[in-house]
Structure formats: C-alpha cells, structure tokens
Amino acid sequence: MNRIAMAFQALQQKKRKALIPYVTAGFPYADITPALMHAMVQAGADVIELGVPFSDPSADGSVIQQAGDRALALGIGMAQVLAMVRQFREKDGQTPVVLMGYANPVERYDQQHGADAFVRDAAAAGVDGVLIVDYPPEECAEFARKLRAAGIDLIFLLAPTSTDQRMQQVAEVASGYVYYVSLKGVTGSGALDTAQVEAMLPRIREHVKIPVGVGFGIRDAETARAIGRVADAVVIGSRLIQVIEKQPHEKVAAAAADFLRPIRAALDA
C-alpha cells in the first residue's frame, strides 16, 4: 500500500475528507516549493498536487498558465521538479505527492535520460502519483503498469461530459484517486454548481471504486465544505496560486498556510 492509499484509508477511518492543494512547482520563486509544501502540510493538506510547468497547458486557465510561464522562465523543468520532491522527502516521508501535468515533459525527460527514466526517477524521488492531462486511459495501460510496478498511482480526470463508457475505461487503469473536474472549462473558470456535482458523483461511483476528488472552481471554505459533503477529496489550485503570486519570498509559505487553515476547518466541521 503506497502513501496515497494509506492517506485515504486513515481519513476514511476518521470520517474526514482529503484536502489536496495544487501549486505550480517553482512558482512564485524557483527555490520556494519544498518550504511551501511543508507549510501546506502543517496547515492541513493531506495530499499535495505539484504542477509540472509546461508551455501549452491546455486544461489550465490564465492563472495557472501564467504561473507555469513564470516557473519556466526561472528554469524549472521536470528534473528540477523531481529535485524539489527529493528535498521535501528529506523531512516528510508520509505526505503523498502527485505530479500533475502534460505528456510532453514526461516524454522529453525519457528522451533525455533513457527509456522509462521518468518512472524510475519519480519513484526514487518519492513521487506517489502522476496525473497526465493529455494521456487518455485507452492509451495508458502499459504506462500505468510500469508506474504501479514502481509504486506510483496513475490518476485520471473525469468531467461533466464523461460517458459511462469513459468512466469504465478510467476505472480499469486508474489507481490512487480519480479527479472529477466540476466545470466545463479550464481551471479557475466559471461558478461551481454543487448540485451538479452531487448528481454526478453517484454515477462515477457506479464504475470507480477508488476515492473521488473534486476540483476546478473551489475557491474558499464555503465551496470546499459543500463539495466535501459528497466527495472524498477537495482539490484547490487557482485560488491558491492567486494568494501566493504577489507575496514576497519570506511570506509565501505563511500566506498559503493562512489560506488553507479555514478550508481544513470547514472540511472538518
């Protein structure tokens, strides 16, 4: 059982919901990410999603696009992201870390370092899960097998438009948890329709037997609490990026923690 499974098992025993913050690696400063990750854990994060900067993030809105552009300008690529995870693991051997991003940086890493280098090096760094936005489940069976052999979960997105067939395809290869995109759009867009989420989750659970997290559109304690009533996990990213983007270096970690604490409290209420 890897760290993601253990985290959700412990939460379920306590009847708590997972808080999963997303931050872009290397944003807003190239060296800030490990300290930021530790601060988020201290504020109540159960899993951390770490965005791998990419120049064409098709599923992301302007907030995360700009964060990725800034991180790329600071020289952050996959090798640097894995180094951040290794540094985080020096003090935290328990909190699950999921890399979220796109196929290009993964495939480029293998081109530079050899076949299957990403899986090998991600496992060695202490990565627990990978969510590749543009890897459809029907093309991922072999990649999923290699990741599982290394103790890493392959996580998939589901959307309001997902058919029962798509949900079943995801269920056959996904592990760790499934990420339900609550909006028809990119990250940070639109208003969250909690009634639609409540209606969709039972359909997803007919096919998917692992935990279901919900993200896209969760911006505060109120929306997090509403989603936490029906989902196993709440994912929050764009609003967190906005909170830290203009902070001076010495205040980034504290600002993130101050933002997350009331959300943690709302989920536990």
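Take the residues of segment 22-49 that are among the aliphatic types (A, V, I, L, M) and in a strand (DSSP E or B): which is nearest to the chain's Cα centre (by Cα)?
Across segment 22-49, the extreme among qualifying residues is Ile48.
Of the residues that sit in segment 173-193 and are within 21 Å of Asp46 (Cβ to Cβ) and out of contact with any helix residue (DSSP H, G or I) (no Cβ under 8 Å at 6 or more places or on another chain), which one is modelled with the lowest pLDDT?
Val181
Filter segment 204-219 down to the residues that are loosely packed, with under 14 Cβ neighbours inside 10 Å and part of a helix (DSSP H, G or I) and list them by number.
Once the filter is applied, which keeps residues that are loosely packed, with under 14 Cβ neighbours inside 10 Å and part of a helix (DSSP H, G or I), segment 204-219 yields only Glu206.
Of the residues that sit in segment 50-65 and are part of a helix (DSSP H, G or I) and in contact (Cβ under 8 Å) with a residue 40 or more places away in the chain, which one is surrounded by the most Cβ atoms within 10 Å (Cβ to Cβ)?
Among those residues, the one meeting the criterion is Ile64.
Output the residues belonging to segment 76-102 that are buried (at least 22 other Cβ atoms within 10 Å of the Cβ) and β-branched (Val, Ile, Thr).
Ile76, Val81, Val85, Val97, Val98
Please verify whether Asp121 is of a type in the set (Asp, Glu), surrounded by 15 or more Cβ atoms within 10 Å (Cβ to Cβ) and modelled with pLDDT of 95 or more, treating the condition exactly as stated.
Yes: the conditions hold for Asp121.
Would you call Asp232 in contact (Cβ under 8 Å) with a residue 40 or more places away in the chain and over 24 Å from Thr33 (Cβ atoms)?
So Asp232 passes the test.
Note down all Cβ pairs under 8 Å where the first residue falls in segment 8-23 and is surrounded by 13 or more Cβ atoms within 10 Å (Cβ to Cβ), the second is among the basic types (Lys, Arg) and modelled with pLDDT of 95 or more, and they're at least six residues apart or on different chains.
Leu11/Lys17; Leu19/Arg264
The values are calculated or read from the model by the stated rules, or taken from the named source; none is laboratory data. In this text, all values refer to a predicted model and were calculated from it rather than measured experimentally. Using ideal geometry, Cβ is built from the backbone for each residue, glycine included, and neighbour counts are taken over all protein chains shown.
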